[in-house]
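In what follows, a single structure is set out as structure tokens and then discussed.
Values in this text are rule-based calculations from the coordinates and carry no lab data. Predicted model, so just to flag it, every value in this text is computed and none were measured. Ideal geometry is used to build each Cβ from the backbone, glycine not excepted, and the neighbour counts take in all protein chains shown.
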Amino acid sequence: MDFDSLSKTQREIVFSKEPHLLVWAGPGSGKTRVLSFRYARLVRDGVSPESILAITFTNRAAVEMKTRIAALLSLDCPASVRNVGTFHGFCLRLLKKKRSFTLISRPEQTKLLRGLGIKNAEKAVEDISTFKNLSFPDAGIQRPQALGPYEEELRKRNFLDLDDLIIKAAALLSEEPEFHPGFAHVLVDEFQDINPPQSELLGLLVNPTGRGGADLFAIGDPDQSIYSFRGASIKRFLNFRKDYPGASLMGLEANYRSAAVIVRAAASLIGKNPMEGFRRVMKEVRRPEEGETIEAVCLADERREAEFIIKEVERLMGGLTSLTVGRGCGGRRFSDFAVFFRTNRQREAIAGAFRGSSIPYICARNPDEFPEIIEHLKGIKADGAQGNINPCDFIRKEAKALGLDEGLASTLTFLAGSFGPDIGLNPFLSAFIESLILMQPQDTCAVEADRVQVMTLHAAKGLEFPVVFIAGCEDGLIPLKSNEDVEEERRLFYVGITRAKEKLYLLNSGKRCIFGSAREQRKSPFLDELPEGCLRYSAFAKERPKRRPRQKGLFEG
């Protein structure tokens, strides 16, 4: 284990013996690296992997963590790393020790509600999910009318939905202590994102009734708390030492990811949000000359905004007159570029421009949009095929049979790589189908494929790219008019900015089509919060229409 590769601060955190430790880890500070090294250090010091639990929020993050830990411990494959996964994945495994049940996906929830005669079943699913995530144990949230019949139908069919997993697991640990796994160490990634049910579950894991407690290591960044709609609150991060008396606080302040100009801009922006009890410091690690001034560009409308992105990608690739997959003349790959936006309504103009170009791209999508994959795999399982398979080879073959695009096939293959190289077909299908149901939008970002990545700002969290475009930096979009929490909107913009490693474009349009009508737009007020000298403004919003050529008159020169 190469502990010498860690910085002094990273090493202190990895080797800290504090029973409860909260680490404030800013963007690009090596958060996943530190957590992986801490897990490996515990094992090196003689702690059994069976007594360590590491929890994160997405399948992608869990696979990355397993891969890093496996390399540090010289294990054959990531599947050999035990008890590393998502909150939902852990709860699924825990509950299956108690009872058998079927986990249903969001589309299946919608279908069930329609069968009960519920109007606008899609909205009802969202209302039920919000209630379960926000009102645990009770926050005075109004109970959805559809919840009663829905819960009764789940009980009759022995179904659980995604949100049930956390609630039922917490109830199991509270009511039946014999099912408590008895971990000695609990490591939690992205601590700022936990919601009330997850907070309750964590408390039961760390401080179980009638037995010795576990050491809690939590790492995250309150400035990247952007999931209030799921019940996450920055207050849980700030109240950590109240919830876990005697806890210590340490910080990872150095940004190893972004050019100095991006770090300075991000620090100035997020400094507008108050943070009582914590001192923000972001240290620039990369040299000031690394990276160019941030480009703030105003275009005439969303069509020209999208065209600008296409032209800049082509320019930075060194021209695409003879397009080949691989590095362009500019030394970049297509996967070096990402385009972010605030709302899904902005997706079509951007995707349309890419469709009309020679540039390969992929849009991160909602996992609920491809239930046909789950149904296809369920069909294979129902056929009763036997034997062992290589998961990656199997998924590649099935993706080809389904005609899936390269990006989605790459995402599914990446997920399959977390399983052992030789596994029984039926056990794999059962586990893989459940993994698909547990997927988050971030899990569908096919960063392994050599394509430009197109996604919402929320989906971009946890990723990084050399070149980032943020489209729609306009008042009403960033910050979003419907979100009254301006501080959370500022944190979301901060997340977007800090995904960029070398070059950042902040784009806004003079006009934008919103709900079918063209509206005049103003630039985002957040742009004015960035320090002078970090931005270079360009405006192409007042382009004159080209004049039609006309034939000269007889007496004209």
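Nearest 0.05, what FRET efficiency do E175 and E151 give at R0 = 30 Å with Cβ-Cβ as r? For R0 = 30 Å, the calculated efficiency reads 0.95. Comparing A431, L506, F340 along the charge dipole axis of the chain, the residue lying farthest to the positive side is L506, per the Cβ-charge model. Scoring 186-195, 161-170 by mean Cβ neighbours within 10 Å over their residues and listing the highest first yields 186-195, 161-170. Note on the stretch 412-523: semi-axes of the ellipsoid equivalent to its C-alpha gyration tensor, largest first and rounded to whole Å, are 36, 16, 13.
The protection proxy used here, the mean number of other Cβ atoms lying within 10 Å of each residue, ranks peptides 520-529, 467-476, 104-113, 43-52 as follows, highest first: 467-476, 104-113, 520-529, 43-52.
Only alpha carbons enter this Debye calculation for the chain, each as an equal point scatterer, and the log10 of I(q)/I(0) it gives at q = 0.06 Å⁻¹ is -0.32. Full extension of the chain segment joining N344 with L73 gains 93.4 nm, where the gain is 0.36 nm per residue of separation less the Cα-Cα distance. Spatial offset of the stretch 1-49 relative to the stretch 366-444 amounts to 33 Å, using the alpha carbon center of each.
In a reduced charge model with +1 at each Lys and Arg Cβ and -1 at each Asp and Glu Cβ, the chain shows a dipole moment near 1140 debye about its Cα centre. Compared with the direct C-alpha span, the chain from N390 to V47 gains 120.4 nm at full extension, assuming 0.36 nm per residue.
Secondary structure note: in the chain, about 15% of the DSSP beta bridges are antiparallel. A simple spin-label model places the labels of R303 and E126 2.9 nm from each other, with each point 7 Å out along Cα-to-Cβ.
Computed from the C-beta positions of M275 and F15 and an R0 of 35 Å, the FRET efficiency is 0.80 to the nearest 0.05. The distance separating the Cα centre of the stretch 292-317 from that of the stretch 94-126 comes to 42 Å.
Legend: P(r) of the stretch 32-120 from all alpha carbon pair distances, 5 Å bins from 0, whole percents, reading 3, 13, 19, 18, 13, 10, 8, 6, 5, 4, 2, 0. With both labels modelled 7 Å from their Cα along Cα-to-Cβ, the K119 to A539 distance reads 4.9 nm. Put +1 on the Cβ of each Lys and Arg and -1 on the Cβ of each Asp and Glu in the chain; which of S129, I478, V63 then has its Cα farthest toward the positive end of the dipole? Of the options given, the answer is I478. Computed from Cα atoms alone, the Kirkwood hydrodynamic radius reported for the stretch 136-244 is 15.6 Å. Stretching A401 away from D243 to a fully extended chain increases their span by 51.8 nm, per 0.36 nm per residue minus the current alpha-carbon distance.
Please give the helix 147-157 orientation as an angle from the longest Cα principal axis of the chain, in degrees from 0 to 90, rounded to the nearest 10. Value to nearest ten degrees: 60. The share of Cα pairs per 10 Å bin across the stretch 408-447, counted from zero up to the longest distance, runs 28, 57, 15 percent.
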